[in-house]
Amino acid sequence: GGAGRGKMAAGGAADAQARFGHSVKGLLTEKVTSCGTDVIALTKQVLKGSRSAELLGQAARNMVMQEDAILHSEDSLRKMAIITTHLQYQ
């Protein structure tokens, strides 16, 4: 009688261990999945950030080009004003 009970207890323990292992596996899977989701979100954020930096850089380059064009136009206008003044004196 006693040996049978020992076997049952051992079987119950193994069963509990299997259940515990299963729940741990489930928790780990959950954690890995949520971690993966976080990594994807972070990656998207980083890409968006680098895209924003790229666009800001482009905007800055465009502003510099426009500034150059404006300065060039100012220079041309100044030269034209000088020429006009000279023509009026002649």
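Coordinate-derived values only; no laboratory data. Everything quoted here is computed from the prediction, not taken from an experiment. Ideal geometry is used to build each Cβ from the backbone, glycine not excepted, and the neighbour counts take in all protein chains shown.
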>> Over the chain, what portion of Cα pair distances is larger than 24 Å, expressed as a whole percent?
In response: 69 percent
> Hey, what angle do you get for helix 2-89 against the long axis of the chain, alpha-carbon based, 0 to 90 degrees rounded to 10?
Replying inline: 0 degrees
>> Under a crude label model (7 Å from the Cα following the beta-carbon direction), how far is GLN45 from ILE82 in nanometres?
In response: 5.7 nm
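Subtracting the Cα-Cα distance from 0.36 nm times the residue separation, let me have the gained length for VAL64 to LYS31 in nm, one decimal. Kindly include the intermediate steps, with their values, before the conclusion.
Numbers: separation 33, 0.36 × 33 = 11.88 nm, distance 4.90 nm.
Gain on extension, VAL64 to LYS31, equals 7.0 nm.
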> At what distance in angstrom do the alpha carbon centres of region 63-90 and region 16-43 lie from each other?
Replying inline: 70 Å
